[in-house]
Every structure is written in C-alpha cells, then in structure tokens.
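**Student:** Before anything else, here's the structure in question.
Here, each number is a calculation from the coordinates, and none is a lab measurement. Remember, it's a predicted structure, so these values are computed and weren't measured experimentally. Neighbour counts are summed over all protein chains in view; Cβ atoms, including those assigned to glycine, are modelled from backbone coordinates with ideal geometry.
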Amino acid sequence: MPKGIVVVDKERCKGCGLCIEACPFGVLGFSSEYNSSGYQVVYMEHPDKCTGCAICANVCPDVALEVYRQEPAKEAA
Amino acid sequence: MSVEVAIPEGYVKIFSKPRALSDAKYTYCPGCHHGIITRLVAEAIDELGILERTVGIAPVGCAVFLDRFFNCDFVQAAHGRACAVATGIKRARPDLVVFTYQGDGDLAAIGTAETIHAANRGENITVIFVNNGIYGMTGGEMAPTTLPGQRTTTTPLGREPRLHGFPLKISEMLAQLDGPAYITRQAVFDYKHIVRAKQAILKAFRNQLEGKGFSLVEILSTCPTNWRMSPADAGRWVAEEVVKTYPLGDLKDVG
Amino acid sequence: MSRVLMRGNEAIAEAAIRSGLKCYFCYPITPQGELVEYMAKELPKRGGVFLQAESEVAAINMVYGAAAAGVRTMTSSSSPGISLKQEGISYIAMARLPCVIVNMMRGGPGLGNIAPAQGDYFQATKGGGHGDYHLIVLAPSTVPEAAELVRLAFELSDKYRVPAMILADGMIGQMMEPVELPEPVDPKDIPERPWAVTGAKGRPRNVISSFDLEPEGLREMNLVLQDTYREIERSEVRWEEVETEDAEILLVAYGTMGRIAKTVVRLAREEGLKTGLLRPITLWPFPYEPIRKLAERVKTVLTVELSAGQMWEDVRLAVEGRAETPFYGELGGVVPSPKRILEEVRKYVG
Amino acid sequence: MEKAVIFAGFGGQGILLAGKILARAGMNRGLEVTWLPSYGPEMRGGTANCTVVVADSPIGSPVVDNPEALVAMNAPSLDKFEARVAEDGIVVVNSSLIKRPLKRQDVRSILVPVNDIAMELGNPRVINMVALGALVRALGVVSLEDVQAAMEEELRGKGRDKLIALNREALRRGFSEAEKYVTGDA
C-alpha cells in the first residue's frame, strides 16, 4: 500500500500541471480524461510512489486536491 | 467535493479545502497564483478561528469575485478604494477583522493614495497585495509594477522607464512611513515559499488581533495568460527574474 | 475603398488617429480594452502620445492639459470610469476646451457588469458633472458609423469648443463589422487654436480657466456657453428615419437598440404592422422637432432603451401629448431580442 | 439570405477566432457580416461564445434569437444553446467531449470527433478549424476555399505562418467529415 493517496476533484481541476511539476516523486500526470468544461485533468499515474507529502495540494491553485496519508502504525504501542 | 473514490481504512485526511472557502470554483485562469494566495488567506482565517468576525474587501480586477470564494462577510469596493472602505468598516466596528485583497493595478495605481494614507494612519487592517506586474482582467495592460522591458498590451515594445516610469516599489515606500506595523514581500512559486507566505499572512492577521496596526503582505504572483507563458514557466520567471526587482523578505516589522 | 473587418473599439481608435489625434490618455476598463490596446500600439508609431494614467481622474486631467495646449486629444472609458472623469469634464466644459470622450457604456449603477447598457444617457446628455453644461453626444449604432462619428466628434468639438462624447456600449465596442475607414485628415484642415497655451511669444498671454470668483464674470462665462448650446441645437441635430411614411407606431431607439429596432421594423412589417423607427444620432442636441412632427401622424411612440427610461423623458418632451408614449426597457445588461420587442409592438398596433 | 451561427465552447478552444474567420470569409465574398462575442472576466476560465451573422443585405440586430447553426465544442455549450437553434437548423457537435445525444428532433446533428481529429493531425489547438470546416460544409454559405483563404489572412504575419498548412488541413478534415451528413445537398 502506498503511504499517500491524492484525490482529484475533476470538476475543480483546470489542468494547469503545476502539481505534476511540483511532485518530488513523479506521482502525478495528465489523464486522458477531460472534465465537463474541457480541461484535461490530473490523476495518480504512479500511485505506488506517493508519500502523502501534500506538496501537490499546496501548489494547486484551484484547491482541487485532497491528500490522505497512512496512519503511523506505532500508535499501537 | 465531487469525489467517488473510496479511501481504504488506515488513512487520514491531511489536506483539504479550508473551511473559510466556499464550494464555488475559482474564476482565475488555469495555473494562476491568485488561487494559492486566496487559499492561504482562507487557511489563516481558519487557523485563527476568526471566520465569523472577518470582513473581506473585494477589489476590482481578477479577484473581483473574491466574495464568492469565501464564507465570510464581504464588501465590494470601487477600483482602488479598498483601503478607504476598510478604514470605514474598521473604525465603525473595531471588533471586526478587516482585510483587503488587492492587485497591483488596484492598490498601486488608482489606489495609491488610499493605500499610502491608510498605511500612514496605521489603520489596524490587513492588506494582501497581489503583485503580478500586469492588469490581468482588463487584458494584460501595463501595471505600475511592470518590469522594465516587459511587454504588455499597452507597452507592446516593452516598458521603457523614460516613457512609462519605473517599477513602483510600494512595500519599500510604505516601509519608510511611521504608521505601518508590518510590511513584507513574499512569493508562492514553490512549496517552501508558500509555507513562508502563509506565515506572513498569519502574522499580518495576528497583528490586527493584537491591535498593532497596518500590516501589508505583498505576494509576487503570476499571470500565465497575459504573460503568455505556461503556468510552470510563469513561476520560474518570478523565481528567477521578478525577485531581482522585488527582493523577498520583511521590510518593516515592529515586532 | 476596401472594407476592413474591425472591432468597434479598434475602428474608433483608428478613426481618431486618422482624425489628427495627438494625445490620448486612458485608464484600463472593460469593455473598451481593445481601444486602449490599439492606441498603445498605433498612436506612438504615428507621431502621437499614448499615456496610461494612474486613474481616470488623472487621465481626464491630462486631457484638460493637452486640450489647453491646443492639440486634438481624447480619452475613453466605460461607465464607472466616466463617472470618475465627471469632475474633469465639468472643468473642460467651462474652460471651453475641445476634446473627445468615448463612453462604452456597461451595466450599472455601481460596479454593475460589463454587458451592454444605456444607463448613462442622463449623465451624458444633461451634463454629468457639476454646473450648467452640455456635451455634444453622438450615438453610433454600427461599427462603421462609430468610425464616421469619431471624425464628426472632433470636428464639432473644435468648431464649437465644446467637448464631444461618443456614447456607445460594450456590444458596439466588442463586435466586428466591415468598416470603410475615413481618409487621414489634412493637418491644415484642423482649425487654428489662437486661445491655446503655446507660449506667449509675440502675443498677449492666453489663460485657460474654468472660474471667475465674481458672480457677474461667472455669469458672462455661462452665457457664452449657453449661446453656444443654442447654436448647436439649431444646427447640429442628426437622426435617421426608417419606414416612417405610413407608420402607425413609431419606435424611438438609439445605438445598439437602434439597430436591433431595425430588425423589429422588418419583422413587424412582415406581419403587416405599420411600424417605423426614428433613431437619434445626436442625443444632445436631441431630435425633438422630427419626433414632434411624426407624433402628429402616428398613434403610438414607443421608446425602447437599455435603461429604466432615460431617453424616454426627452421623447415625451418632444411628443407633448400628441400620441401615446409607452416605454419598453431592459436593465442590468440584458439585451432584448428583436422578437421580444416585437411582442411590445403588437400590444399597440394591428 | 441571412444566416446566424453561434460558436460555443470554453476559453482556449479558439471559438472566437473560428467565428472571426467565418465572418472574414463572408466579407471577402462581398456579404454583410457581424461578429459578436461574449466577453468578460470569466471568458478565459469559463465559457466563450460568439454569434456570426452573414447576410446579403444590411444586418439589423447582431443579437439572434434562433440561429440557423450551432457549433457546440463542449457539453455546457450544448446544454446552453441547443434549445435556441432554429427549426431545421444544424448543430455541429464535438463528439470527443459531448457524449449525450441531442434532445431536439427537429434539427440536424453533425457529430464530429473534433479533439480526436486534431490529435491525429498532431496539434490539439486546431480543434476550432476542424469544427469550422464541418460547419462550412453544412451551412453552405461560403466555400472551403473561402474559409481557408480567410484563415490565411488571419494568421499570416502574426508569428503563426507555420500553422497555416496545418490549419488548412484541419479545415479540410472537418469539411469532409461533415460530407456524409449532407449528401444530397446541392
């Protein structure tokens, strides 16, 4: 399981690509999908590489990304 | 969010849209830094827990629809007059947290007088000044902050300082005054700078809560549409070129 | 002469340059952005001065200065910007300085929106700023006519030393049509300005001023203005009539609404409704007399405007009870379609 | 003859240029034309449309209730304008982005996978020319050669000369794509 998951709000995404550029691990890419406005939306091209750092969401100008991270297991101790 | 993805167990949400923002989609162009700056202001309002007593002043320009994006009270000001409107609100109801959000045309051209005099009076307001060196909404005309040589629709051969004046350094000017408490210049072209800009915005709001007076955060921004650059190239242009004319950092801080 | 496909804003700019424009001052506002951009690109190349001011207030005062210095000068803006300029326009009117002001009207009041509207009719035709004055107000309804009226605006403004306004709206500014541009003016045909401040070398000094603290003096200045206005009212009224000969109902509409009304006349005639149109081209001076004459013959004079009924007041002053004078208007930048107006026509005729 | 077309899509699809090229082609034929854009602050990030009227006599209203043709480049555009198309009118549908069938039975739909054709041609930016080519075939007021010439006038000397050949081809592809829908036409 990857450490992080990025969820794209396809209707908010304007396909500017800033998140793709900013991701340190090359997780994101353009999908072949267009939203109803006609923008080519972003998706997790390599989900296994995601660390859940949320840099993508921070640079996203359209607040189109939500980020989830795996809870640390050590809390059980 | 219109999201259908099921998140497996064991994951926690660590980033989502701030509460201060509404569900309305931004009207900014793809890749425009305005969207980041707008979100940072909303995050600051969330973190300080002041949504219910905040009043924003929407300018004329690309952020003219700002009131749609926020969940707090808003007033729409005439072009350039945001600081005067903010002054009136703050004087009438000092308990409110009042901020303006203005572009360079609004704040540094037609509103220069209002800006300088509000700063000089030390009005206890927070000013977010988005500087992208161009008039975005009207079609990419020269702004007072346009760089020398920069092509705009009203400087088709590039800004020539002898004809069109020099870049107006509003933050440096305001820092000379006795009125302001905090004047800083930030940028949002990468993660590190976004984090710093957020801290500056938080401080500018905290200053108001503590009664310290006029705080202005200038944020270097992009206009991919009118600069005719890709969003990524526009960010690099800020990082490599714009900062030479507009160096980042605090210009005044009374602490 | 060949036709060029141009936006209204660009056609106005080009026509102004060909009319001998020397100095243009502006502040950006939609929907006249292309006019500003065209000037920025073209005017300096052709020996003129283009300057983007820090505000409309500054821009109109720059026009005041350039006009005082004796050159053909112009500014352009849209409704909220024109409101800001009113103080300066009042000074210019009293100082008797010729200049051209373009107002590409948008929806108001306040910030309103940038859709086409005609809510600035009162402001344009009744003065607008403080004091007793008028502008010569010309209202084009097509892009080619806009180009033509720019030339006329400079000529009338120079002839009477009264500022002239082109009153159009965002639709005319933004749309494109084929235009035949006017020939460039011969500088020799631009009237001399012996009153201008050009340096008092070899002549008594010239003073451009809009005030006299002595009431008798100020009255004299006002009387000169009023005499000029009466002369303009006698000589410069312009209008167009369409199918008025046998009309039972007369539409009165200007600018954008004027051209839409032409389609309404066509549609109404197709249904056998005897409909005509009077389209004022000068809004000040207003065509009271031609409307009055037609009101003797028709049953109904229907005013159609993109406002709550501003020109309607002048139409009723012209008709003075000779016919019924209903009104149909739209607000907020909503442009009624020809069919919608036809519904209004059917209420009164047929 | 007076025919109106609404071109609609989102900002960046080249809608306004497509309309302008049709207007120019009409003007070059000696016809009367008007080109009326929707304009505004939301134009770039939102929807864009323009209305072109081509006529053989002076045009009154540039605002049109029921256009003879609609070019719908994305789904919101079809939603917005479908109901207004004149009876027996034409709708050029960008079937790459619009998956739903027309609601109207009394108009002719011309399905053109505009984005896919543009990708085949190697440049997604020529979608507007593909759509315009299809419209021109269906409308029949100006010829393919007329719009190709008008397109050249529009692009020449503006740093876009290199794109002329590609745009010519895009117009032609759109034109022939519409062919099968209009066989039997004069």
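**Student:** Could you tell me the calculated FRET efficiency between residue B:116 and residue B:166, based on Cβ-Cβ distance and R0 = 22 angstrom, to the nearest 0.05?
**Tutor:** Efficiency at R0 = 22 Å is approximately 0.80.
**Student:** Can you order the peptides B:183-196, C:212-225, B:35-48 by their average number of other Cβ atoms within 10 Å per residue, highest first?
**Tutor:** By packing density, highest mean first, the sequence is B:35-48, B:183-196, C:212-225.
**Student:** Average partner chain C-beta neighbours within 10 Å, per residue of B:147-158?
**Tutor:** Averaged over the peptide's residues, the number is 3.
**Student:** May I pose another question? What FRET efficiency comes out for the pair residue B:240/residue D:158, r = Cβ-Cβ distance, R0 = 35 Å, nearest 0.05? Can you show the working numbers first?
**Tutor:** Working: r = 28 Å, r/R0 = 0.81.
After rounding, the FRET efficiency stands at 0.80.
**Student:** Another question, then. Quantify how strongly other chains surround peptide B:185-191 by giving the mean number of their Cβ atoms within 10 Å of each of its Cβ atoms.
**Tutor:** The shielding value for this peptide is 3.
**Student:** Over region C:4-235, what number does the Rg to Rh ratio reach, with both radii from the alpha-carbon atoms and Rh per Kirkwood?
**Tutor:** 0.96
**Student:** Can you list the cysteines of chain A that have no other Cys Cβ under 4.7 Å away?
**Tutor:** A:13, A:16, A:23, A:50, A:53, A:60, each lacking another Cys Cβ under 4.7 Å.
**Student:** How much FRET efficiency would the formula 1/(1 + (r/R0)^6) give for residue C:231 and residue C:206, where r is the Cβ-Cβ distance and R0 is 30 Å, rounded to 0.05? Don't skip to the end; give the middle numbers.
**Tutor:** Working: r = 23 Å, r/R0 = 0.77.
Plugging the Cβ-Cβ distance into 1/(1 + (r/R0)^6) gives 0.80.
**Student:** Apply the a/c threshold of 1.5 to the C-alpha gyration tensor of region B:99-160 and tell me whether it is rounded, prolate or oblate.
**Tutor:** Note, shape of region B:99-160 comes out prolate.
**Student:** Specify which residue in the list C:24, C:276, C:75 is farthest towards the positive end of the charge dipole of chain C, using unit charges on the beta carbon of Lys, Arg (+1) and Asp, Glu (-1), about the Cα centre.
**Tutor:** So the residue furthest toward the plus end is C:24.
**Student:** Within region C:4-235, how many Lys pairs that are eight or more residues apart, or on different chains, come under 17 Å at the alpha-carbon? Before the final figure, lay out the partial values.
**Tutor:** Working: C:22/C:41; C:22/C:45; C:22/C:188; C:85/C:126; C:159/C:188.
Qualifying lysine pairs in region C:4-235: 5.
**Student:** OK, next. So, by mean Cβ neighbours within 10 angstrom, what's the order for B:171-180, C:118-127 with the highest one leading?
**Tutor:** Ranking, from highest mean packing down: C:118-127, B:171-180.
**Student:** Counting only other chains, what is the mean number of Cβ atoms within 10 angstrom of the Cβ of each residue in peptide C:45-57?
**Tutor:** What the average comes to for C:45-57 is 4.
**Student:** Treat every Asp and Glu Cβ in region B:147-236 as -1 and every Lys and Arg Cβ as +1, leave all other atoms uncharged, and give the resulting dipole magnitude about the Cα centre to the nearest 20 debye.
**Tutor:** Charge dipole of region B:147-236: 180 debye, to the nearest 20.
**Student:** Sticking with this one: What is the dipole size for the protein assembly as shown, taken about its Cα centre, with +1 at each Lys and Arg Cβ and -1 at each Asp and Glu Cβ, in debye to the nearest 20?
**Tutor:** Taking the Cα centre of the protein assembly as shown as origin, the dipole is about 1360 debye.
**Student:** As a check on your grasp of the helix formula, calculate [θ] at 222 nm for chain C: sum -39500 (n - 2.57) over DSSP H runs of n ≥ 4, divide by the residue count, round to the nearest 500.
**Tutor:** Helices in chain C give a 222 nm mean residue ellipticity of -12500 deg cm²/dmol.
**Student:** Compute the semi-axes of the equivalent ellipsoid of region D:2-179, taking the square root of 5 times each eigenvalue of the Cα gyration tensor, and list them largest first in whole Å.
**Tutor:** Ellipsoid half-lengths, sorted descending, are 21, 20, 16 Å.
**Student:** Specify whether the C-alpha gyration tensor of chain B places it in the rounded, prolate or oblate class, a ≥ b ≥ c being the square roots of the eigenvalues: rounded for a/c under 1.5, otherwise prolate if a/b is larger than b/c and oblate if not.
**Tutor:** Oblate, because a/c is 1.5 or more while a/b does not exceed b/c.
**Student:** Taking region D:39-186, how many lysine pairs are there with alpha carbons less than 27 Å apart, if each pair must be eight or more places apart or span two chains?
**Tutor:** Step by step, the pairs that qualify in region D:39-186 add up to 5.
**Student:** Sticking with the crude label model, points 7 Å out along Cα→Cβ, report the distance from residue A:49 to residue C:293 in nm, one decimal please.
**Tutor:** 8.1 nm
**Student:** For labels at residue C:322 and residue B:23 in the simple 7 Å Cα→Cβ model, what's the distance in nm?
**Tutor:** Spacing of the two 7 Å Cα→Cβ label points: 6.0 nm.
**Student:** Right, something else. Restricting to lysine pairs 8 or more places apart or on different chains, what number in chain B have Cα atoms under 18 Å apart?
**Tutor:** Taking the Cα cut-off of 18 Å, the pair count is 10.
**Student:** Based on Cβ point charges of +1 for Lys and Arg and -1 for Asp and Glu, what charge dipole magnitude is obtained for region B:34-253 about its Cα centre, in debye rounded to the nearest 20?
**Tutor:** Charge dipole, region B:34-253, about its Cα centre: 180 debye, nearest 20.
**Student:** I've got another one for you. Pairs of Cα atoms under 8 Å, at least six residues apart: use those to get the relative contact order of chain C, whole percent. Spell out each step's value before the answer.
**Tutor:** On the way: 770 pairs, mean separation 63.3, N = 350.
This gives 18 percent for chain C.
**Student:** Tell me the label-point distance for the pair residue B:254, residue C:308, using the 7 Å Cα-to-Cβ offset, in nm and rounded to one decimal.
**Tutor:** 4.5 nm
**Student:** Over the protein assembly as shown, what lengths in whole Å, largest first, do the semi-axes of the equivalent ellipsoid take, defined as the square roots of 5 times the eigenvalues of the alpha-carbon gyration tensor?
**Tutor:** 46, 38, 25
**Student:** Can you grab the distance from the C-alpha centre of region C:1-63 to the C-alpha centre of region C:144-164, Å, no decimals?
**Tutor:** 15 Å
**Student:** Shape of chain A from its Cα gyration tensor (a ≥ b ≥ c, root eigenvalues): rounded if a/c is under 1.5, otherwise prolate when a/b > b/c, or oblate?
**Tutor:** The shape class here is prolate.
**Student:** Taking the mean number of other Cβ atoms within 10 Å as a proxy for protection, how do you rank D:160-173, C:138-151, B:156-169 from highest to lowest?
**Tutor:** In descending order of packing, they fall as C:138-151, D:160-173, B:156-169.
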